[in-house]
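The values are calculated or read from the model by the stated rules, or taken from the named source; none is laboratory data. Everything numeric in this text was worked out from a predicted model, so none of it was measured. Glycine also receives a Cβ, built like all others from the backbone with ideal geometry; neighbour counts cover every protein chain displayed. Note: accessible area is taken over every heavy atom of the protein model, side chains too, but ligands, DNA and RNA are not part of it. Shrake-Rupley method; radii C 1.70, N 1.55, O 1.52, S 1.80 Å.
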Amino acid sequence: MTKTTVEQYAVLDFEASSLSLDSWPIEVGISWIEQGKVQTWSSLIYPAPEWDLLDWSIQSAAVHKISFAHLRGAPVAAEIAPEVIKQMHGKTLVSDAPNHEQHWLSKLLETDPTCDVPTVANFDSVSAALFDGYALDMLYEALERTTAPHRAGPDSARLTKAWLKAKEIDAELKGGKTDRKN
């Protein structure tokens, strides 16, 4: 049986035009662990022509601090879609808000007909499958001690850094040995 490791996952985060059903992504971030370090890729997204620009929320913009003017000059959605697939490196995508992220990922990837839309897994479920005991406690402790910046790259990195912390603690507790967890 193949062992599941934290390196098989990538954390996905979006910032969006609003939280409505018609909302669309304005920024994407993906973070993963590679060679013991957190790697992050992110990009602003210029809206696709078919997206309803009237769905821009001033309240959402106040949270993520990305104005519509920031999107001018950003890569268009159809250019970002294949880049997201490339940055995943074949990993399983995970999010702490999988329903929202799944919606925005679908909206983004629909702009490029060559992209299949992967399923986004739940961060808490994956974390509980990877870690237990003290390592899992410290994962959530690390998250509690850091605030969410509400930017896609830093938000995905924040969750991935918590995984890295749990992985390090788990290895310490096992004297450098690993088993089915992480």
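Brief remarks follow.
- Principal semi-axes in Å for segment 1-71 [√(5λ), Cα gyration tensor, largest first]: 31, 13, 10
- The chain, dipole about Cα centre (Lys/Arg Cβ +1, Asp/Glu Cβ -1), debye to the nearest 20: 660
- Choice from 95, 125, 106 with maximal GNM fluctuation in the chain (Cα, 10 Å cutoff): 125
- Surface composition of the chain: carbon plus sulfur atoms contribute 53% of the solvent-accessible area (1.4 Å probe, protein chains only, all chains present).
- Cα-based Kirkwood hydrodynamic radius, segment 104-150, one decimal, Å: 13.3
- Per-residue surface analysis assigns residue 58 an accessible area of about 130 Å², computed on protein heavy atoms at 1.4 Å probe radius.
- For segment 131-172, the Kirkwood estimate of the hydrodynamic radius, built from every pair of different alpha carbons, is 10.3 Å.
- Put simply, the amide H of residue 76, placed in the peptide plane, has neighbours under 5 Å in 46, leaving out anything fewer than 5 places away on its chain.
- Each label point was placed 7 Å from the Cα along the Cα-to-Cβ direction; for residue 89 and residue 144 their separation is 3.1 nm.
- Principal-axis tilt of helix 77-88 within the chain, Cα atoms, nearest 10 degrees: 10
- In this simple spin-label model, placing a label point 7 Å from the Cα along the Cα-to-Cβ direction at both residue 137 and residue 54 gives a separation of 5.4 nm.
- Taking each DSSP H run with n ≥ 4 as -39500 (n - 2.57) and averaging over every residue of the chain yields -13000 deg cm²/dmol at 222 nm.
- Each 10 Å bin, from zero up to the one with the longest distance, holds this percent of the alpha carbon pairs of segment 44-167: 11, 37, 34, 16, 2.
- Sorted largest first, extent of segment 40-103 alpha carbons per principal axis (Å): 34, 25, 23
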